[in-house]
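> I am attaching a structure below and will ask some questions about it afterwards.
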Amino acid sequence: MQELGVSTNANYKITFMLDSAAMITVHTPRRGLIDVKPLGVIWGKFSEYYSKKNTIMFDDIGRNFLMNPQNGLKIRPFMKAHLNRDKDKELLKLTQCLKEIAKLDDFLELNHKHWER
């Protein structure tokens with residue numbers, strides 16, 4: 001996100017960015033101890049604005065939203081920015097998806113697995 005200038009460019013309208021510092025450790029039977037991003041913290045602190053019905057998290061690591069799988073949308077990683085900046089179209093495709101999701105009051109029934117389709 002830093003490489004994209006998200007935190008310093010006024011054109012981005014990002015409400016929250018949770019990086020690795022915000023992660024908590026949970027134990028799962030299948031994977032053991034893993035770190036996840038706790039959307040429940042946002043829902044608890046700002047319940048008048050955010051809930052499971054209107055929160056979406058993007059990440060290139062699917063296990064990061066293991067606690068809230070329906071609120072997670074897995075994207076491709078942005079790697080080698082100096083080589084791929086002109087070829088990377090992930091955020092453009094994501095924009096179209098978000099415009100469609102924004103029309104819904106509750107997107108918990110959506111299947112994010114094939115969001116690009």
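Read the figures in this text as sums done on the coordinates, not as results from a lab. Everything numeric here is computed off the predicted structure, so don't read it as measured data. Here the Cβ positions follow ideal geometry from the backbone for every residue, glycine too, while neighbour counts run over all protein chains shown.
> Is it the case that segment 63-79 has a residue that's surrounded by fewer than 15 Cβ atoms within 10 Å (Cβ to Cβ) and among the aliphatic types (A, V, I, L, M)?
yes
> Any idea how many residues of segment 37-65 are more than 12 Å from the chain's Cα centre (by Cα) and aliphatic (A, V, I, L, M)?
2
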